[in-house]
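One structure is given here, and the rest of the page talks about it.
The values are calculated or read from the model by the stated rules, or taken from the named source; none is laboratory data. Note that this is a predicted model, so its numbers are computed, not measured. Backbone-built Cβ (ideal geometry, glycine too); neighbour counts: all protein chains shown. Note: areas computed on protein heavy atoms with side chains; ligands, DNA, RNA excluded. Shrake-Rupley method; radii C 1.70, N 1.55, O 1.52, S 1.80 Å.
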Amino acid sequence: MDTETANGWLTDHFADWVLALEPRVDALACTGAVLSMPVTERIVRVGGIVSGQAMATLADTAMVIACAGHFRDFHPVATTNLDIQYLRPASGERVSCTATIVRAGRTLIFARATLVAEPSGKDVAAATATFAVP
C-alpha cells in the first residue's frame, strides 16, 4: 500500500465536492491513515477559521481511507455514525487528520480521528465513526 495508490482511491471513489477540499493521503498503513487538506479561502468562514463542515468531511474521508488500508484495497463502506468534537478554531496552512482503526469486525468497523492545524501542531477536533461493511 502506497500513498500514490491511496490518492487514486480519492479521485476514483469520492464525490467532486469532497475532492474540491483538495484532500491528500500523506500516509497509509493497515492500522490507519493520515490525510490533509490546505486551508484555502473556499473553506474558511468569518474570522479566517476553517469551517466545521470541511473538517467533518476530512475526518470522515480519512477514516474511510483508513478502512481501505485495513482491507489493503479500497472497499466501499457506509458511514453509520459520525461524531465530532471541535476543540478550538482551526487556522494555518493545512489541517492534518490522523485516522485509526479501533476495531474491525465482519460487518462493522470502528474508527477515530484527530485533526491538527499545521504548522501550529494544535489539536482542533476529534472524531469517531462507525462504518458498515457491505
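Using only Cα atoms, tell me the angle between helix 52-71 and the longest principal axis of the chain; keep it within 0 to 90° and round to the nearest 10.
That works out to roughly 30 degrees.
Normalised radius of gyration for the range 1-55, please: alpha carbon Rg relative to 2.2 N^0.38 Å, two decimal places. Provide the component values of the computation, followed by the final result.
Numbers: Rg = 12.7 Å, N = 55, 2.2 N^0.38 = 10.1 Å.
My calculation over the Cα atoms of the range 1-55 gives 1.25.
Provide the gained length on full extension for the span Asp123 to Ala78, in nm with one decimal, where the gain is 0.36 nm per separating residue minus the Cα-Cα distance.
On the way: separation 45, 0.36 × 45 = 16.20 nm, distance 2.63 nm.
Fully extending the segment from Asp123 to Ala78 adds 13.6 nm.
At 222 nm, what value in deg cm²/dmol follows for the chain if DSSP H runs of at least 4 each add -39500 (n - 2.57) and the sum is divided by all its residues, to the nearest 500? Please report the intermediate quantities before stating the final value.
Details: 3 runs with 35 residues, N = 134.
Value at 222 nm, helices only: -8000 deg cm²/dmol.
Could you run the Karplus curve 6.51 cos²θ - 1.76 cosθ + 1.60 with θ = phi - 60° over the range 105-117 and give me ³J(HN,Hα) per residue in whole Hz, x for Gly and Pro?
Listing the rounded values in order: x, 6, 10, 9, 10, 10, 9, 9, 8, 10, 9, 10, 7 Hz.
On the Cα set of the range 76-123, report Rg and Dmax in Å, please.
Rg, Dmax (Cα atoms, Å): 13.4, 39.
Between Lys122 and residues 5 or more places away or on another chain, which pairs have amide H atoms under 5 Å apart, with H built 1.01 Å from N, and which residues are they?
When sequence neighbours closer than 5 places are left aside, the close amide H contacts are Ala117.
DSSP loop trypsin sites (Lys or Arg not before Pro) in the range 97-134 with at most 12 other Cβ atoms within 10 Å of their Cβ, which ones?
Values: sites: Arg103, Arg106, Arg112, Lys122; in loops: Arg106.
Counting only loop positions with at most 12 other Cβ atoms within 10 Å, the trypsin sites (Lys or Arg not before Pro) in the range 97-134 are Arg106.
Which value, to two decimals, describes the C-alpha radius of gyration of the range 54-134 once divided by 2.2 N^0.38 Å?
Values: Rg = 12.8 Å, N = 81, 2.2 N^0.38 = 11.7 Å.
Cα-based Rg divided by the globular estimate yields 1.09.
Using a probe of 1.4 angstrom, how much of the accessible area of the chain is carbon and sulfur, in percent? Could you put the intermediate results ahead of the total?
Details: 3510 of 6870 Å².
Carbon and sulfur: 51 percent of the exposed surface of the chain.
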